[in-house]
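These notes concern the structure reproduced below.
The values are calculated or read from the model by the stated rules, or taken from the named source; none is laboratory data. Worth saying up front: this structure is predicted, and the values here are computed from it rather than measured. Cβ coordinates were reconstructed from backbone atoms using ideal geometry, including for glycine residues, and neighbour counts include every protein chain displayed.
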């Protein structure tokens with residue numbers, strides 16, 4: 001059977017096809033059609049020949065089958081050390097096999113590979129740190145996802161997600177005017193409390209261009225307000241952009257590299273148009289990874305860097321606290337056991353581990369901060385990364401994966417978990433919903449808001 | 001037989017090994033692609049080199065990385081095997097004398113007899129332990145194929161035959177020949193099998209080191225061991 | 001008095017009294033009523049799953065599901081809707097307080113009507129991590145008055161003959177005052193201005209001497225007259241009273257004494273102070289304890 005109505009090798013490029021796919025509740029028909037989806041062996045092998053080069057080939061060939069990666073993988077550990085969860089096994093039995101068989105694999109194989117790629121790996125890159133050869137299976141699973149996506153074997157929610165980016169240049173159906181409108185609405189809501197609060201739009205030459213996560217616009221606009229307020233209190237010369245404001249990329253989780261390119265290019269276009277000194281992103285891990293770390297390569301930028309210096313929100317916050325742009329009232333610091341989640345996308349994969357701890361030193365009263373074990377670049381994935389949080393088909397596996405983080409948190413004895421990343425925040429919320437260990441969790445913005453000292457000249461008249 | 005093995009066969013084996021390894025490295029480097037790999041190799045040469053060296057360095061030191069430290073048993077038998085596997089072929093007095101005769105140069109410094117014996121035994125004992133590990137641990141067993149066992153056998157055979165010859169057990173001539181033959185089979189096999197990790201270890205480690213140094217946090221001097 | 005009423009309802013018995021008042025108002029004023037229901041809270045990251053507030057189950061939302069919910073709303077309020085032809089119904093997903101505020105803004109409502117606590121099961125997770133209740137967050141930020149009917153006893157909106165306005169002399173209180181004035185004039189009601197001196201729940205040893213309290217009572221009366229006096233000119237039926245005690249308790253008692261049909265207050269409009277929000281501000285307590293509807297006005 002050639003292609004299904006919903007499950008096929010085409011990409012979602014129109015609002016119409018996006019709505020149609022959304023209407024297939026839960027992907028019921030989509031997954032049924034997937035059982036009949038053909039594998040285009042020729043195309044698959046051609047793609048591999050063109051894109052699977054030294055680095056990946058050598059990784060696949062050279063693997064010494066030593067099994068040292070097993071203990072590094074939280075999914076292996078949390079699934080009772082199931083040998084089929086050993087990272088090397090997972091990648092060799094999928095990508096390794098496809099390469100060995102020169103693309104001659106069948107539908108059942110591809111569906112199993114889909115489950116492995118999206119339910120047995122969150123691309124947290126921890127295994128790469130523990131392999132003596134430096135084989136990064138997280139990177140290989142990213143590559144595999146690309147192959148699977150091209151062939152149409154991708155989870156329903158991610159096909160939609162990639163479609164969202166293609167149609168709206170955002171992970172949700174939020175238009176540019178929705179974004180600006182919502183930001184302005186938030187400013188209105190808070191202006192009484194913060195006289196002079198405003199959101200500059202499309203200001204050229206500002207010090208900071210702020211980019212966000214579309215779901216903040218859709219469901220959690222308080223986040224936008226908090227960001228605006230903190231920039232305002234810090235006296236920053238900042239702006240948002242009316243187009244190219246979305247920093248996230250579900251397309252990256254989906255393996256849709258073409259859509260990834262389109263998405264980051266919209267942000268880079270804004271940077272080039274408005275020429276800010278720096279771009280600051282919101283508290284989101286994969287958004288930073290997509291737009292700042294991997295993005296330049298999708299966009300063909302030889303420097304490997306976006307058009308302007310781009311930093312994660314925690315870098316801006318640490319700097320603001322360090323330089324005194326934001327001052328904290330010592331009485332209002334956190335005085336309960338608190339720990340911090342090390343989001344893989346900017347801790348392990350961008351080295352910001354000490355930055356978040358610097359922030360802790362400002363906002364937590366001495367003696368209350370407890371690190372997880374292990375921590376920093378050796379910390380484990382929250383359990384929901386790489387798109388795991390949103391895929392209905394793999395919910396049970398995701399819920400199991402949360403146990404690792406749950407146990408880490410229990411071991412710290414913390415009552416509050418700080419998670420400066422939307423995915424980690426979601427995962428920890430779900431962890432609490434599922435296992436009820438009695439914790440609270442928070443982004444940094446609301447915490448800082450509750451303890452920041454408002455400068456005299458910015459206080460409202462009483 | 002002996003003449004053949006120490007004559008033309010030696011040259012062939014050595015050539016195949018050295019040329020083969022060079023080809024592998026060259027092919028590896030040529031097959032790197034900054035955009036597909038998503039690492040701006042050429043744009044940050046200094047960062048890249050430092051990253052590459054750090055990555056190689058930390059993993060070459062026993063317990064130098066958290067990975068090694070978390071697996072003490074494996075670390076010990078790994079380094080126990082490799083130290084002998086590298087030092088003995090290169091610095092055994094007998095090998096150096098042979099090289100001096102054939103090529104006219106040798107490495108100068110050689111191992112003392114006791115050290116050489118110890119290292120050779122270390123190789124064999126550690127190889128057995130590595131084999132045991134392969135069979136005993138479920139996470140390694142699932143990965144193990146006959147090919148892995150063959151590689152281990154290929155690499156260990158010269159040491160076994162070498163020690164037998166060294167202790168002059170049985171027919172000295174036979175075991176010496178067996179030793180030279182197994183050594184040359186090993187040399188020829190190196191570029192065509194996973195044994196090419198002799199150079200590719202450095203290549204892949206350097207690559208990952210550059211990746212992390214250039215793209216994933218190296219400029220922050222984050223003191224991570226990748 | 002009102003043209004566009006936004007009834008934010010959970011479509012459960014907890015909101016029945018609020019609904020009754022809202023529909024009554026709509027009929028009296030020939031206003032359009034927007035029956036607005038937040039049916040689910042997003043729950044799975046970027047996916048289409050939401051937590052259905054009624055069933056507590058995780059469901060995937062599509063247009064058919066929303067239509068079914070709207071049908072349920074129509075059935076639940078069948079009688080009232082039949083009597084109020086000028087109506088619309090909306091069911092959305094999101095965090096309740098946020099969606100109510102969004103709808104109020106987009107719809108341009110001039111009054112929001114809400115019931116009290118919906119009695120959601122304790123373990124609805126989004127509530128755990130939110131500071132302040134839905135009511136607090138809506139009342140804090142709404143640009144139009146918010147009418148809250150918490151208890152059946154508080155649901156009477158027949159004739160309004162007595163209105164109590166409780167002030168804390170804030171800027172928002174001025175807006176609340178002006179709203180009360182409008183209501184009292186239109187309905188020809190008695191207007192009672194009240195202020196409570198906060199002596200709090202201080203132990204005996206820390207209470208100030210009575211002479212001090214008396215002085216403050218006098219000062220407060222003077223302040224009421226100076227702040228609101230000018231605007232009261234022409235309105236003959238008003239009284240001024242100042243009592244000491246725990247503010248919300250005094251307000252409730254005073255309203256009971258006046259046989260008030262409506263209490264109007266300003267919601268404390270400062271940014272959510274975590275500690276304060278947990279304890280609940282005065283208006284929260286008044287809403288929970290009063291015998292009549294309470295209106296919160298900020299702007």
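Within the stretch A:448-458, being within 11 Å of chain C (Cβ to nearest Cβ) and either touching a strand residue (DSSP E or B) at 6+ places or on another chain (Cβ under 7 Å) or without any contact (Cβ under 8 Å) to a residue 24 or more places away in the chain (or both) holds for A:451, A:452. Right, residue C:47: modelled with pLDDT under 85, buried (at least 21 other Cβ atoms within 10 Å of the Cβ) and not in a helix (DSSP H, G or I) or not? Against the criterion (modelled with pLDDT under 85, buried (at least 21 other Cβ atoms within 10 Å of the Cβ) and not in a helix (DSSP H, G or I)), residue C:47 qualifies.
Picking from residues in the stretch A:33-74 that are more than 9 Å from chain B (Cβ to nearest Cβ) and closer than 28 Å to residue B:149 by Cβ, the one that is surrounded by the fewest Cβ atoms within 10 Å (Cβ to Cβ) is A:60. The helices (runs of 4 or more DSSP H) falling completely within the stretch C:189-295 that include 2 or more residues that are modelled with pLDDT of 90 or more, touching a strand residue (DSSP E or B) at 6+ places or on another chain (Cβ under 9 Å) and surrounded by 13 or more Cβ atoms within 10 Å (Cβ to Cβ) map to C:210-232, C:247-258.
Please determine, by comparing only the residues of the stretch A:284-305 that are assigned to a loop (DSSP other than H, G, I, E, B) and closer than 19 Å to residue A:347 by Cα, which one is nearest to the other protein chains (Cβ to nearest Cβ). Selected residue: A:304.
Looking across A:67, A:128, A:146, one residue alone is under 24 Å from the mean Cα position of the chain (by Cα) and free of Cβ contacts under 8 Å to residues at least 24 places away in the same chain. It is A:128.
Listed by first and then second residue, the pairs with beta-carbon distance under 7 Å, at least 6 apart or on different chains, first residue in the stretch A:75-87 and within 7 Å of chain B (Cβ to nearest Cβ) and outside any helix (DSSP H, G or I), second modelled with pLDDT of 95 or more and surrounded by fewer than 21 Cβ atoms within 10 Å (Cβ to Cβ), are A:86/B:142.
Of all residues in the stretch A:424-440 being assigned to a helix (DSSP H, G or I) and facing another protein chain (nearest Cβ under 7 Å), which is farthest from residue A:339 (Cα to Cα)?
First pass over the stretch A:424-440, keeping only residues assigned to a helix (DSSP H, G or I): A:424-435.
If we keep only those that are facing another protein chain (nearest Cβ under 7 Å) too, we end up with A:426, A:429, A:432-433.
On the way: A:426: 16, A:429: 15, A:432: 15, A:433: 19 Å.
My answer is A:433.
Looking only at residues in the stretch B:12-39 that are surrounded by 13 or more Cβ atoms within 10 Å (Cβ to Cβ) and more than 14 Å from every other protein chain (Cβ to nearest Cβ), the one that is nearest to residue A:257 (Cα to Cα) is B:20.
Taking the criterion of being at the interface with another protein chain (Cβ under 7 Å from one of its Cβ atoms) and surrounded by fewer than 18 Cβ atoms within 10 Å (Cβ to Cβ), the only residue of the stretch B:195-226 that qualifies is B:220.
Restricting the search to the stretch B:51-104, which residues are in a loop (DSSP other than H, G, I, E, B) and under 28 Å from residue B:213 (Cα atoms)?
Applying the first criterion (in a loop (DSSP other than H, G, I, E, B)) to the stretch B:51-104 yields B:61-65, B:71, B:92, B:103-104.
Correct list: B:61, B:62, B:63, B:64, B:65, B:71.
Okay, residues lined up against (1) assigned to a loop (DSSP other than H, G, I, E, B); (2) without any contact (Cβ under 8 Å) to a residue 60 or more places away in the chain:
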site: A:316; (1), (2): no, no
site: A:345; (1), (2): yes, no
site: A:357; (1), (2): no, yes
site: A:397; (1), (2): no, no
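Scan the stretch A:374-388 residue by residue and report those that are in contact (Cβ under 8 Å) with a residue 60 or more places away in the chain, crowded, with 24+ Cβ neighbours inside 10 Å and within 13 Å of chain B (Cβ to nearest Cβ). Scanning the stretch A:374-388 gives a single hit, A:377.
Any residue at all in the stretch A:254-274 that is at pLDDT 95 or above, in a loop (DSSP other than H, G, I, E, B) and surrounded by fewer than 24 Cβ atoms within 10 Å (Cβ to Cβ)? Taking every residue of the stretch A:254-274 in turn, none turns out to be at pLDDT 95 or above, in a loop (DSSP other than H, G, I, E, B) and surrounded by fewer than 24 Cβ atoms within 10 Å (Cβ to Cβ).
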